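Quick notes on the structure that follows.
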Amino acid sequence: MASLPQGQFCRNKAGLAALHGLVDKLADVSESDQEFRIYVVQSATLNAFAAPGGRIVIFSPIIDQAQSPE
């Protein structure tokens, strides 16, 4: 099983709710019955990855630099 990155995870309820809403939309159109779990890591690193078990890890600079949810 892949381990999650070390660092501080974002726990902002409003931000996480928005991300979970996007993940729910993706899950609705996915052909997988996998449950997705999203994590946001507060870090200076610009990165994101998907790991086995439906884990999606997004590093905070991606969100900070995004111009839209898409």
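Dipole size in debye (nearest 20) for the chain around its Cα centre, Lys and Arg Cβ +1, Asp and Glu Cβ -1? Could the numbers behind the result be given before it?
Numbers: 5 positive and 7 negative charges, 70 e Å.
Charge dipole of the chain: 340 debye, to the nearest 20.
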What share of the DSSP beta bridges in the chain is antiparallel, in percent to the nearest 5?
-> 55
According to a simple spin-label model (label point 7 Å from Cα along Cα-to-Cβ), what is the distance in nm between residue 49 and residue 27?
-> 2.3
Roll a 1.4 Å probe over the protein chains and send me the accessible area per residue for the chain in Å².
-> 74
Over the chain: helical MRE at 222 nm, DSSP H runs n ≥ 4 each giving -39500 (n - 2.57), nearest 500 = -10000 deg cm²/dmol
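The values are calculated or read from the model by the stated rules, or taken from the named source; none is laboratory data. Small disclaimer: the values here were computed from a predicted structure and weren't measured. Reconstructed Cβ throughout: ideal geometry from the backbone, glycine too, with neighbour counts over all protein chains shown. Surface areas here come from the heavy atoms of the whole protein model, side chains and all, with no ligands, DNA or RNA. Shrake-Rupley method; radii C 1.70, N 1.55, O 1.52, S 1.80 Å.
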